[in-house]
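Report on the structure given below.
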Amino acid sequence: MKIYLVLLLFFSVVNCYQRYQAQIPNGANVPDPCNTAQFWGGVGHQKRAGGGTRNTFGILMGEVGVQWGRSACLADSDGDGLSNGEELGDPNCVWSVGGNPPIRTTNITHPGICE
């Protein structure tokens, strides 16, 4: 029974991350700024795997109801001089959930951690 509960909780957490990743352009393709061979699964969180404290991007996304739109796209959550849209491959702020892929799928950077 304990193993079943652990697996259920693990699946629920992984499923939640995927749901949130799908709400932003290239959400599953944001590299870890310190190790670009790994991806940052919880883009809105301080921890790479997600959970716990949110970073500035996660706070912004909470404020806009986890909806990618012009205000989230144009903001510079980490203060590095690039808009969140530029960092996530949507520099023109035209990407939408279920629509066309982002304009750029390479050279993605983290919008919540200043590299």
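The values are calculated or read from the model by the stated rules, or taken from the named source; none is laboratory data. Worth saying up front: this structure is predicted, and the values here are computed from it rather than measured. Please note: Cβ atoms are built from the backbone with ideal geometry, for glycine as well, and neighbour counts cover all protein chains shown. Only protein heavy atoms, including side chains, enter the accessible area calculation; ligands, DNA and RNA are left aside. Shrake-Rupley method; radii C 1.70, N 1.55, O 1.52, S 1.80 Å.
Quick notes on this structure:
- The residues of segment 61-96 that are within 17 Å of residue 19 (Cα to Cα), in a helix (DSSP H, G or I) and either touching a residue at least 24 places away in the same chain (Cβ under 8 Å) or among the aliphatic types (A, V, I, L, M) (or both) amount to a single one, 61.
- Enumeration of residues in segment 21-42 that are out of contact with any strand residue (DSSP E or B) (no Cβ under 8 Å at 6 or more places or on another chain) and β-branched (Val, Ile, Thr): 24, 36
- Pick from segment 47-72, criterion among the basic types (Lys, Arg) and closer than 22 Å to residue 102 by Cβ, ranking: surrounded by the most Cβ atoms within 10 Å (Cβ to Cβ): 48
- Count of residues meeting criterion [more than 12 Å from residue 109 (Cβ to Cβ) and either in contact with a Lys or Arg (Cβ under 6 Å, 6 or more places away or on another chain) or among the acidic types (Asp, Glu) (or both)] in segment 38-95: 5
- The set of residues in segment 6-46 that are modelled with pLDDT of 85 or more, open to solvent by 50 Å² or more (accessible area, probe 1.4 Å) and not aromatic (Phe, Trp, Tyr) comprises 19, 22, 28, 29, 34, 35, 36, 37, 38, 46.
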